[in-house]
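Below is one structure, written out as structure tokens, with a few remarks after it.
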Amino acid sequence: MMRLQDVMSTNVKTVGPGVVAEQAWSLMQQHDIHHLVVVDGSDIIGVISARDLGGARGGAARKNLTVEDMMVHHAVTAKPDDTLRQAANKLRGHAIGCLPVVDGGKVKGIVTITDCLELLGRGATHPGGQPERRMLSRKQGKPYVQFKKR
């Protein structure tokens, strides 16, 4: 099974709750990312996404607000040894876009729904392994893709 430690982004950007929302947006734009982990000292207190900040046209929504005013105040997290499937289920179950990956109370990485979809779309199931083989079959005269079990 593929573990998050094998696929997570390790260059995680964090921001404090008192940072001006427009500055958080600028940080996302500067690093071409869509999520920031909100920390107070060493404690993870939330997550803020580009969507939370109103997106590219959200300048008026961000005006005179801080990250704390706009963030999601509870961060659902994962562990480095969680599987990609576990992460996907957390993302789907909580209807969220990212999971900070935490080990020993410290942020070690981040996995987004886009990361999971990209990996699954490429057929990745094992680190460094071959994707599952697919074969095109015909069922009731219509082609369909069938996954072979290993």
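The values are calculated or read from the model by the stated rules, or taken from the named source; none is laboratory data. Since this is a predicted model, take the numbers as computed values, not measurements. Ideal geometry is used to build each Cβ from the backbone, glycine not excepted, and the neighbour counts take in all protein chains shown.
Summary table below
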quantity: Any chance residue 37 is surrounded by 13 or more Cβ atoms within 10 Å (Cβ to Cβ), within 21 Å of residue 4 (Cβ to Cβ) and without any contact (Cβ under 8 Å) to a residue 60 or more places away in the chain; calculated: no
quantity: Residue list for the stretch 37-76, restricted to those being over 13 Å from residue 22 (Cα atoms) and in a strand (DSSP E or B); calculated: 37, 38, 39, 40, 43, 44, 45, 46, 47, 72
quantity: Criterion violated by residue 75 - all others in (1) aliphatic (A, V, I, L, M); (2) farther than 15 Å from residue 3 by Cβ; (3) touching a helix residue (DSSP H, G or I) at 6+ places or on another chain (Cβ under 8 Å) satisfied; calculated: (3)
quantity: Contacts under 6 angstrom Cβ, first residue in the stretch 78-104 being touching a residue at least 60 places away in the same chain (Cβ under 8 Å), partner outside any helix (DSSP H, G or I) and of a type in the set (Asp, Glu), 6 or more apart; calculated: 80/103
quantity: Output for the stretch 89-145, where each listed residue is in a strand (DSSP E or B), among the aliphatic types (A, V, I, L, M) and at pLDDT below 90; calculated: 135, 136, 145
